[in-house]
Amino acid sequence: MSWFKRMASPKVKGDEKASVPTGVWKRCDGCGAVSVAELVKQALETCPQCGYHFRIGGRDRLRTFLDPDSIYEVGARLEPLDPLEFKDQKRYLDRVRAAQKSAEEPEAFILATGRLKGRPIVAGTFEFRFMGGSMGSVVGEKVTMAFELGLEQKAPVVLFSASGGARMQEGILSLMQMAKTSAAISRFRESGHPFVSVLTDPTTGGVAASFALLGDIIVAEPGALVGFAGPRVIEQTIRQTLPAGFQRSEFLLDHGVIDMIVGRRDLRDRIALLFDHLS
Amino acid sequence: MSRELEFERPVLELERQIEELRRLAAGRDQLAATVADEGRLKKKKKADGTSMMQLESQILRLEEQALTLKGQIFSRLSRWQIVQVARHPQRPYTLDYLQSAFADFVELHGDRNFGDDPAIVCGLAKLKGESVMVIGHQKGRTTAENLRRNFGMPRPEGYRKALRAMRVAERFGLPIVTLIDTPGAYPGIGAEERGQAQAIAECLEGMAALKVPVVSVVIGEGGSGGALAIGVANRVLMLEFSIYSVISPEGCASILFKDASHAERAADALKLTAPDLTALGVVDQVIKEPLGGAHRDHPLAARRLQEALHTELSELVKMKPTELVDDRYRRFRALGAVTEGAVRELDPPEAQKGGSTKRRPASGKTKGART
């Protein structure tokens, strides 16, 4: 992008944003181009112009990743309890109810069995819109179940992460989910089947520091923010502004943290190929 | 470098008075001894004798008072006050315990990849005559030491060193003791570049699979993932006035209460004390601290730690390697609070179709659930 365009863009941006009717058009957060929302959807929530990856809902993720008509959800009824009786400005369970309403999901993780190009697999994904994809007992339980299912059914596991980390409102129990899920992976390794972890924007905190970075193969979507500490925490700690691209997928590839970056539209092909090699 | 906690002050004040009276008494004793053989002051000595007795009884009375007061204060500490005790700069750290509760310590250094992280100390030591591997976070007491030890906040090298040391222990059949005391893993640029999250994750998985007994003790601050990384143990113990939490009360307050000054409320909400965590099943045993906290009596704290570790390990060494792994798995597998499915759902797809919640009529099947 030339600097001339960059200079000119802010004004236009402001005006156009207001005039774009929601539902029909979608503006790209990456390049600013406005596309027909239906086309963005067909491109699996990526920008048809620049390939920018929008965040995608958990259910859409599984529906577009797994073979059609092959998906069976597991543990759909799991909901959190509140043993800490946690209350900040709101009661925890009230927050959960509100999140269930706004995200149209009972929790922040969806687990399913299904097929990928005919191969039976276990697949799970975060729903980031549910309390920032935070990992509490239910998420930890479902992730653990994913590995137990994989072990039992001798099937590979693929998990899509999108999470701010542990869910504070469940206190120490949310922290313990890190140990629980990691221990489950340790058992799953005996199955002889691979665990492919797909890191999507954003994957930080307790989720990054447990199962998400324990994949036999670790794949990241382009431009995903992945790290232990969030950028704001790091900036406050070191009192410096972070360089552009810090903790993004490309940075992680450079630093040897992940195996590859794969665009969303290629994920099915690429992961099926990986399973073909490994399973 | 001593720091007084506000709620400790009444006790410390009493103790200062006692100290002064003692000095006074000692001074008189000396005076009495030097003048005794001179004979000519016999009369005065007699007079001193009575006031000496008064002094003694006053000291005794004050000591009793201090003890009662200490007992009262420390049996009623708020969670936020316990946070203060857990962070007390005079509280015994890993290296202190290595000198007192253990013997023959040999430190091991380095992660064999990048460097040696002084925020985690690893090494071989003897616990009541038996060799064990000890791994613990290490804070500093002076500014210089704190800079070197990074305030007990490990970088990836620290976790990689810890896991390496655990594997050495496993190879030689030694039990592992970990001492947890960290504000958290370090959030810095270098730490991220070298894979902080991955280093912690590897520790969690690695510990879960260890074929030797592992006992962890939270001795001070159990700060989130950076603490848990060395805490996947068969038995998790906590010193009475230590804390263990998913986030610091300050961090929680600034996010959920939008203001770090609400840390006190956050500490209550987080339920981060030893009794809280015992009730939640996260902690197996609480080790009683000396009256007034471990920082008031290092040797006694060390003896109690030694005793507790010895008891736990004596039981665990009887277990077979696979039993130890299974025991650890069961322990952590059970943690969490969920409803309507704590039991695993492995129903065949047909059975699942009908078993959906009221809220989501199509939830049995993902396909087309969003209608």
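The values are calculated or read from the model by the stated rules, or taken from the named source; none is laboratory data. Given the structure is predicted, the values throughout are model-derived calculations rather than measurements. Note that each Cβ is placed from the backbone with ideal geometry, even for glycine, and that neighbours are counted across all protein chains shown. Heads up: the accessible areas ignore ligands, DNA and RNA and are worked out on the full protein's heavy atoms, side chains in. Shrake-Rupley method; radii C 1.70, N 1.55, O 1.52, S 1.80 Å.
Can you pull out every residue in the stretch A:131-143 that is touching a residue at least 40 places away in the same chain (Cβ under 8 Å) and of a type outside the set (A, V, I, L, M)?
A:133, A:134, A:136, A:137, A:140, A:141, A:142 - these are the residues of the stretch A:131-143 that are touching a residue at least 40 places away in the same chain (Cβ under 8 Å) and of a type outside the set (A, V, I, L, M).
Does residue B:61 fit the bill of being open to solvent by 50 Å² or more (accessible area, probe 1.4 Å) and over 20 Å from residue B:298 (Cβ atoms)?
Judged against the criteria, residue B:61 is a match.
Looking only at the stretch A:230-279, which residues are in contact with a Leu (Cβ under 7 Å, 6 or more places away or on another chain), of a type in the set (Val, Ile, Thr) and either touching a residue at least 40 places away in the same chain (Cβ under 8 Å) or away from chain B (no Cβ under 14 Å) (or both)?
Residues satisfying the conditions are A:258, A:261, A:271.
Which residue is farthest from the chain's Cα centre (by Cα), if the candidates are limited to the stretch A:217-229 and must be within 12 Å of chain B (Cβ to nearest Cβ) and open to solvent by 20 Å² or more (accessible area, probe 1.4 Å)? If you could, list the steps in order and put the result at the bottom.
Taking the stretch A:217-229 as the starting set, the residues that turn out to be within 12 Å of chain B (Cβ to nearest Cβ) are A:218, A:225-229.
Filter once more, keeping what is open to solvent by 20 Å² or more (accessible area, probe 1.4 Å): A:225, A:228.
Numbers: A:225: 10, A:228: 15 Å.
That would be A:228.
Within the stretch B:222-230, identify whether any single residue is closer than 16 Å to residue B:133 by Cβ, of a type outside the set (Asp, Glu) and either buried (at least 24 other Cβ atoms within 10 Å of the Cβ) or in contact with a strand residue (DSSP E or B) (Cβ under 8 Å, 6 or more places away or on another chain) (or both), and answer yes or no. I'd like the intermediate steps shown before the answer.
At the first step, the residues of the stretch B:222-230 found to be closer than 16 Å to residue B:133 by Cβ are B:229-230.
Within this subset, residues satisfying the condition of being of a type outside the set (Asp, Glu) are B:229-230.
Going one step further and asking which of them are either buried (at least 24 other Cβ atoms within 10 Å of the Cβ) or in contact with a strand residue (DSSP E or B) (Cβ under 8 Å, 6 or more places away or on another chain) (or both), we end up with B:229-230.
Checked the stretch B:222-230: at least one residue is closer than 16 Å to residue B:133 by Cβ, of a type outside the set (Asp, Glu) and either buried (at least 24 other Cβ atoms within 10 Å of the Cβ) or in contact with a strand residue (DSSP E or B) (Cβ under 8 Å, 6 or more places away or on another chain) (or both).
Tell me which helices (runs of 4 or more DSSP H) are completely within the stretch B:254-355 and hold 1 or more residues being open to solvent by less than 50 Å² (accessible area, probe 1.4 Å), modelled with pLDDT under 90 and farther than 30 Å from residue A:169 by Cβ, or say none if there are none. Steps first, answer last, please.
Working: elements: B:263-270, B:274-279, B:298-316, B:321-333, B:349-354.
Result: B:349-354.
Report every pair of residues separated by at least 6 positions or lying on different chains whose Cβ atoms are under 7 Å apart, first residue within the stretch B:84-104 and more than 20 Å from residue B:175 (Cβ to Cβ) and in the same structural domain as residue B:177 (by TED's automatic domain parsing), second part of a loop (DSSP other than H, G, I, E, B) and open to solvent by 50 Å² or more (accessible area, probe 1.4 Å).
Between residues of the stretch B:84-104 that are more than 20 Å from residue B:175 (Cβ to Cβ) and in the same structural domain as residue B:177 (by TED's automatic domain parsing) and residues that are part of a loop (DSSP other than H, G, I, E, B) and open to solvent by 50 Å² or more (accessible area, probe 1.4 Å), the close pairs are B:88/B:3; B:89/B:1; B:89/B:3; B:89/B:141; B:90/B:2.
Starting from the stretch B:58-75, keep only residues that are closer than 17 Å to residue B:294 by Cα and in contact (Cβ under 8 Å) with a residue 12 or more places away in the chain, then list their pairs with residues that are open to solvent by 20 Å² or more (accessible area, probe 1.4 Å) and not in a helix (DSSP H, G or I) whose Cβ atoms are within a distance under 9 Å, requiring at least 6 positions of separation or different chains.
Close Cβ pairs (under 9 Å, with a partner that is open to solvent by 20 Å² or more (accessible area, probe 1.4 Å) and not in a helix (DSSP H, G or I)) amount to B:67/B:291; B:70/B:291; B:71/B:291; B:74/B:240; B:74/B:291.
Would you confirm whether or not the stretch A:247-267 contains a residue that is closer than 21 Å to residue B:251 by Cα and in a helix (DSSP H, G or I)? If you could, list the steps in order and put the result at the bottom.
Going residue by residue through the stretch A:247-267, those that are closer than 21 Å to residue B:251 by Cα are none.
No, because not a single residue in the stretch A:247-267 is closer than 21 Å to residue B:251 by Cα and in a helix (DSSP H, G or I).
Out of all the residues in the stretch A:171-214, which are outside any helix (DSSP H, G or I) and at the interface with another protein chain (Cβ under 7 Å from one of its Cβ atoms)? Can you show your working first?
As a first pass, look at the stretch A:171-214 and keep what is outside any helix (DSSP H, G or I): A:192-204, A:209-210.
Those that are outside any helix (DSSP H, G or I) and at the interface with another protein chain (Cβ under 7 Å from one of its Cβ atoms): A:209, A:210.
Please tell me if residue B:206 is within 11 Å of chain A (Cβ to nearest Cβ), open to solvent by less than 10 Å² (accessible area, probe 1.4 Å), out of contact with any Pro (no Cβ under 6 Å at 6 or more places or on another chain) and modelled with pLDDT under 95. Give the steps one after another, and end with the answer.
Values: within 11 Å of chain A (Cβ to nearest Cβ): yes; open to solvent by less than 10 Å² (accessible area, probe 1.4 Å): yes; out of contact with any Pro (no Cβ under 6 Å at 6 or more places or on another chain): yes; modelled with pLDDT under 95: no.
Criteria not met by residue B:206.
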